[in-house]
Every structure is written in structure tokens, then in C-alpha cells.
Amino acid sequence: SIQDKNALHLYSVNGKYLGSETLKEEVSDMCVTGEYIVMGSLQGFLSIRDLYSLNLSISPLAMRLPIHCISVTKEYSHILVGLEDGKLIIVGVGKPAEV
């Protein structure tokens, strides 16, 4: 975060700059799983981005409270979101029929 601007930068394993994406929220936690980046913000949004293009995969989900931590289950079936008030929100991943 520089001068109220937040950005996500992507580099290769060898340190080559691949791209960046300006963010509207302040990231509080992130988790890389498979080909996706799952991010939580202090503004209360859960975002899922493509690891290679950094584009949003879905519209951000509003949790209404600051997100303190994120974890993804081993099977990539659920996202666990810890909120500021101590609540644990479990978000199912996949098509509605699969969840």
C-alpha cells in the first residue's frame, strides 16, 4: 500500500515481472490454491482471482465485516473465512448442485 493505493503484483519463480492489478480494498489475508488467489479485505470483501491473469473469477462476496483470515480446505470444496467479530463463515465452492 503506497499513498492509499493497493496493488497485487505477479512475478515468475525466476523473478520476472508478469503483471499487476490495482485493488480497491486493503488486503488482510490471502491464500494461493491451485490456479486461484483467494483474498480477504479489511473492507469485508472475499475475492477470488485467477493466478495467472489476476482477473476476478467471480464478483467479490460482501461479508459486511473486516476479514481477518482465510483458509481453503484440502479438497478445495470450501473457503473458511474468519471475521473481526469472531464468526467463522464457510463458503461452498463450485456449482450450486455440487455444494
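Brief remarks follow.
- Packing, as the average of other Cβ atoms within 10 Å across residues, places the peptides 22-30, 83-91 in the order 22-30, 83-91, highest first.
- Amide H contacts of D29 (H built 1.01 Å from N, under 5 Å, at least 5 apart or other chain): G40
- In this calculation the C-beta distance from K74 to Y52 is compared with R0 = 25 Å, giving a FRET efficiency of 0.65.
- Each label was represented as a point 7 Å from its Cα along the Cα-to-Cβ direction; for E25 and S59 these points are 1.4 nm apart.
- Amide hydrogen proximity for V93: with H placed 1.01 Å from N in the peptide plane, the residues at 5 or more positions away or on another chain lying under 5 Å are H78, I79.
Laboratory data are not the source of any read-out in this text; all were calculated from the coordinates shown. From a predicted model like this one, the values you see are computed outputs, not experimental measurements. All Cβ positions, glycine included, derive from the backbone under ideal geometry; neighbour counts span all protein chains shown.
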